[in-house]
Amino acid sequence: MSEFYSEKDVQREVTELQGKSATAARLFDIRRIIGGLFVIYGVIVTIAGFTASDADIDKAEGVNINLWTGLGMLALGLFFLVWLKLRPTAPPPPDVVPEDEQRG
């Protein structure tokens, strides 16, 4: 028993898969991953900078290195997330099938 799909069914399924692929591409955009990680780590390091003791600051020759590094990481992470928001991933172009292949 063999099943035959109409061209309309195949086209609908291809369109559905392309939509899922575009969604996955946007979800796993490297800017989202890098930005998210830098924001999370930036918050943690910034908190460590706010709670630094005088001994910790003296070790870094008077510079609260955790605070400045955390703020830098936050800025970088926010940059990546704003970049993602302003220039989202473009959906992939539809595949163009030559007429010879369409006739099968």
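The values are calculated or read from the model by the stated rules, or taken from the named source; none is laboratory data. Just so it is clear, the structure is predicted and the values come from calculations on it, not from any experiment. For neighbour counting, all protein chains shown are included, and Cβ atoms are generated from backbone atoms with ideal geometry for every residue, glycine included. With ligands, DNA and RNA removed, areas are computed over all heavy atoms of the protein, side chains included. Shrake-Rupley method; radii C 1.70, N 1.55, O 1.52, S 1.80 Å.
Values as computed for the structure displayed
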{"item": "Condition broken by residue 89, with the remaining ones in (1) among the polar types (S, T, N, Q); (2) modelled with pLDDT of 75 or more; (3) not in a helix (DSSP H, G or I) satisfied", "result": "(2)"}
{"item": "Conditions (1) assigned to a helix (DSSP H, G or I); (2) under 30 Å from residue 15 (Cα atoms); (3) open to solvent by 50 Å² or more (accessible area, probe 1.4 Å); number of the one not met by residue 84", "result": "(3)"}
{"item": "Exclusive hit being modelled with pLDDT of 90 or more and out of contact with any helix residue (DSSP H, G or I) (no Cβ under 7 Å at 6 or more places or on another chain), set 95, 58", "result": "58"}
{"item": "Every residue from the range 59-77 that is part of a helix (DSSP H, G or I), more than 12 Å from the chain's Cα centre (by Cα) and not basic (Lys, Arg)", "result": "65, 66, 67, 68, 69, 70, 71, 72, 73, 74, 75, 76"}
{"item": "Cβ-Cβ under 7 Å pairs, at least 6 apart or on other chains, the range 64-79 side more than 15 Å from residue 47 (Cα to Cα), far side in a helix (DSSP H, G or I) and among the hydrophobic types (A, V, I, L, M, F, W, C)", "result": "76/38; 77/38; 77/39; 78/39"}
{"item": "Residue, nearest to residue 82 (Cα to Cα), within the range 17-39, restricted to residues that are open to solvent by 100 Å² or more (accessible area, probe 1.4 Å) and modelled with pLDDT of 75 or more", "result": "32"}
{"item": "Per-region count, the range 40-76, residues open to solvent by less than 80 Å² (accessible area, probe 1.4 Å), hydroxyl-bearing (Ser, Thr, Tyr) and more than 28 Å from residue 30 (Cβ to Cβ)", "result": "1"}
